[in-house]
Amino acid sequence: MLLYVYLIAITAEAMSGALAAGRRNMDMFGVSLIAFITALGGGTVRDILLANYPINWTQHPPYIYTVIAAGLLTMLIARVMHRLKNLFLLLDAMGLIAFTVIGCDVALRLNYPTVVVVMAGIITGIFGGILRDILCSRTPQVLRQELYASVSLLVALLYLGLMHLGVDHDINLLASFSSGLALRLVAIRWKLSLPTFSYAERWYH
Amino acid sequence: MLLYVYLIAITAEAMSGALAAGRRNMDMFGVSLIAFITALGGGTVRDILLANYPINWTQHPPYIYTVIAAGLLTMLIARVMHRLKNLFLLLDAMGLIAFTVIGCDVALRLNYPTVVVVMAGIITGIFGGILRDILCSRTPQVLRQELYASVSLLVALLYLGLMHLGVDHDINLLASFSSGLALRLVAIRWKLSLPTFSYAERWYH
Amino acid sequence: MLLYVYLIAITAEAMSGALAAGRRNMDMFGVSLIAFITALGGGTVRDILLANYPINWTQHPPYIYTVIAAGLLTMLIARVMHRLKNLFLLLDAMGLIAFTVIGCDVALRLNYPTVVVVMAGIITGIFGGILRDILCSRTPQVLRQELYASVSLLVALLYLGLMHLGVDHDINLLASFSSGLALRLVAIRWKLSLPTFSYAERWYH
């Protein structure tokens, strides 16, 4: 089950990367690369930080083909993609949650402290988008918009909390997914966001 | 002793990260993340480059809590921080030097060549600030301003030189710290900087 | 032979990094750092992704001195460099191809799947330039201009294909180099580029 959700997740993330590359007028190669990094970059950063070698996608060529194909496909269907907006945001939210759970599992397996497990989940969830935005020279969107990284944090905490309480794993996954999805969709619908910090003084560079 | 200086260092770096995030109107999550990366990112890059696993902060949760708390606290006291400008610049300079010495020690322990030891010190000292600036989409400040990276280079060379000469370790630390601090403060006071390179021709992209 | 080409390659890449740093008015230290990262960053990213430790340049101090010297030298001769434009573009193309072949060899030695071998070649070839552009806050040029990353892809495929067919290694190198060089120079001369993707709709961030 989680594998299917994962494939949907990397496809959705790859498409979001391709759209961002399109805003910078990149060529086909750039689109493929940004798609790849957006979809698989979060897991890559996690694996490097946790020394979880070999890195996941290097052992699974189909993941590589999937995200490149999704990126190139996006070039073709870009003109009609806004009609799929709601579906796309739903898949993107599912991806965020799936990545978070998978990231926690990896760090748990390697016996990292709980706070690092939570961070591994969040890093897997949001770092693809952060790398995408760095490569497209813009300030990371996931740190300024409707609740996104916070959804990842909530899912990680809920997932670990329920696990700690001994809740059945399938029920745990169901609860974590539905809570995260509900929060994300409510956040998009009503434009909920965290308090922001605006600072303009120039005394310090 | 070095531990206390280290804690002061990561606190000061986290605060500088939070201020930079505030200039980009990030949310609380973004502030925490940039604070974390600014404070612990230099050591992380060093550990990855030197294969010094597990990465330091993954084994020390208190460091993680410290930098996130420092980042969030900065949001609260931002309005009065300019009054602490001089204290802040002092702590920032101490952080730069502490990071440099710690970075050299890590590479020395792993028997890297001397030039790599120097680079490990500098990377630990300045890469947190470089990652901060990349995430806030601006050209790295530490490569354009009053002597900063150069202070790190001087400290690394002095520290290794005195070690090579067999100087007592405590005296070495004292000499390296005071020289580095003096140079940095003199550089800020009199706006000393390295020669810059300005190039505007367009024949090459 | 490949070693000499490699030294030329890192020198040319270091110079391109120094010029980019000059466009951002960086100081001598910044010029050295960007030169270093442009020349050796691609191989570093490859080594980290493939867990190919210790990272190559940490065991070869002369590479480090070469790229820093090349960066600083560029500051001195910048005013006349446009006269060497054609030579420079030739060396840059040779560097791209040498990096690609070396990257493939590293991944082959570590028994990664073929698609990862191709990616290792491309990453070695183009990631130095991508890191350079990230540090100089501009959208990566290699993903928007005349065929560049594509040359790396072609060289990787040709090199692996001829190897698979059992072609003698020296002949293989000669064929891969000359094909890659020809394609790159033709692309520069006639401004050949891949189709680009331009997307301006705002429904998605």
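All of the numbers you see were taken from the coordinates with simple rules; none came from a lab. What you see is a predicted model; the values in this text were computed from it and never measured. Please note: Cβ atoms are built from the backbone with ideal geometry, for glycine as well, and neighbour counts cover all protein chains shown.
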Per residue of C:111-124, how many C-beta atoms from partner chains lie within 10 Å of its own C-beta, taken as a mean?
-> 3
Residue with peak Gaussian network fluctuation, chain C [Cα springs, cutoff 10 Å], from C:37, C:55, C:102 | C:55
Label-to-label distances across copies for residue A:189, with labels 7 Å out along Cα→Cβ, in nm, shortest first?
-> 6.2, 6.2
Assigned charges on the beta-carbon of Lys, Arg, Asp, Glu; the protein assembly as shown dipole about Cα centre (debye) | 2000
Grab the beta carbon distance between residue A:157 and residue C:77, set R0 = 41 Å, and tell me the FRET efficiency rounded to 0.05.
-> 0.10
About the Cα centre of segment C:2-189, how large is the charge dipole given +1 on each Lys and Arg Cβ and -1 on each Asp and Glu Cβ? Please answer in debye to the nearest 20.
-> 620
Cβ-Cβ cut-off under 12 Å around residue C:106, Lys and Arg +1, Asp and Glu -1: the net charge is 0
Gyration tensor (Cα) of segment C:2-189, equivalent ellipsoid semi-axes in angstrom | 27, 19, 14
Net charge near residue A:156: determine it from the other residues with C-beta under 13 Å of the C-beta of residue A:156, scoring Lys and Arg +1 and Asp and Glu -1.
-> 0
Under 12 Å from residue B:85, Cα to Cα: aspartates and glutamates that are on another chain or at least 8 residues apart | A:201
Return the aspartates and glutamates within reach of residue A:191: Cα separation strictly under 17 angstrom, same-chain partners fewer than 8 residues apart disregarded; answer none if there are no such residues.
-> A:92, A:146, B:27
Once every DSSP H run of n ≥ 4 in chain A is given -39500 (n - 2.57) and the sum is divided by its residues, what mean residue ellipticity at 222 nm do you get, rounded to the nearest 500 deg cm²/dmol?
-> -24500 deg cm²/dmol
Taking DSSP loops as anything outside H, G, I, E and B, show the longest stretch in chain C free of chymotrypsin sites (Phe, Trp or Tyr not before Pro) there with at most 13 other beta carbons within 10 Å.
-> C:1-189
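Counting only trypsin sites (Lys or Arg not before Pro) that are in a DSSP loop and have at most 11 other C-beta atoms within 10 Å, tell me the longest site-free stretch of chain C.
Excluding the exposed sites themselves, the longest stretch runs over C:1-190.
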Signed unit charges on C-beta, dipole axis of the protein assembly as shown, positive-most listed residue B:37, C:20, B:157 | C:20
At residue A:201, with labels set 7 Å past Cα in the Cβ direction, how many nm apart are the copies from this one, shortest first?
-> 4.5, 4.5
Cα centroid separation - segment A:80-96 against segment A:112-131, whole Å = 22
